[in-house]
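The values are calculated or read from the model by the stated rules, or taken from the named source; none is laboratory data. Nothing here was measured: the structure is a model prediction, and the numbers come from that model. Cβ coordinates were reconstructed from backbone atoms using ideal geometry, including for glycine residues, and neighbour counts include every protein chain displayed. Just so you know, the surface numbers come from the protein's heavy atoms only, side chains and all, with ligands and any DNA or RNA stripped out. Shrake-Rupley method; radii C 1.70, N 1.55, O 1.52, S 1.80 Å.
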Amino acid sequence: MDRGTVGSANRGRLQVEVRTEGRSEVVTPVGELDHHTADLLREPLESAVEQGRARLVVDCSRLEFCDSTGLNVLLGARLKAEAAGGGVHLAGMQPVVARVFEITGAEAVFTVHASLDDALSD
């Protein structure tokens, strides 16, 4: 499922693909996650938890950029998923995105996997 983009000025900056793999909801943001595009990721994450899919795997392998707004979307999803008995697993982060998590200390509150396959086999 392709969630599209926000507004004409941001066309193509972020697309979000969602699929179910076993007991996990796999959400794949593609492009740049920032204050203009954050709702494109927030909506499917919240929807998954509302539908009882509380084990969220965010495949970050095609995420090119993440600012503090994007980080807050993931932190918010983590809280909702954990309240529902699940969690948020991050997989395949590119170095530029991993650096944001490292310098903010956010990597310590997420389960981080080297690859999507690792996250799905956990």
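Per-structure values
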| read-out | value |
| --- | --- |
| Sites HIS35 and GLU82 - FRET efficiency at Förster radius 25 Å, r taken between beta-carbons, to 0.05 | 0.55 |
| Residue of ASP34, ASP67, ASP59 that the Gaussian network model of the chain assigns the largest fluctuation, springs spanning Cα pairs under 10 Å | ASP67 |
| Heavy-atom SASA rank of ARG42, ARG99, ARG55, ARG78 (probe 1.4 Å, accessible area, largest first) | ARG99, ARG42, ARG78, ARG55 |
| Highest average packing first - 102-109, 15-22, Cβ atoms within 10 Å | 15-22, 102-109 |
| Stokes-Einstein diffusion coefficient of the range 65-122, Kirkwood radius over Cα pairs, 20 °C, 1.002 mPa s, in µm²/s | 182 µm²/s |
| Projected-area average for the chain over all orientations - Cα convex hull basis, square nanometres | 6.6 nm² |
| Efficiency of FRET from Cβ geometry, GLU50 and GLN94, R₀ 22 Å, rounded to 0.05 | 0.15 |
| Karplus (6.51, -1.76, 1.60) ³J(HN,Hα), θ = phi - 60°, over the range 69-78, in Hz, Gly and Pro reported as x | 5, x, 4, 5, 4, 5, 5, x, 5, 4 |
| GLU64 versus ASP122: modelled label distance in nm, points set 7 Å from Cα along the beta carbon direction | 2.7 nm |
| Cα-centred dipole magnitude for the chain, charges only on beta-carbon of K, R (+1) and D, E (-1), debye, nearest 20 | 160 debye |
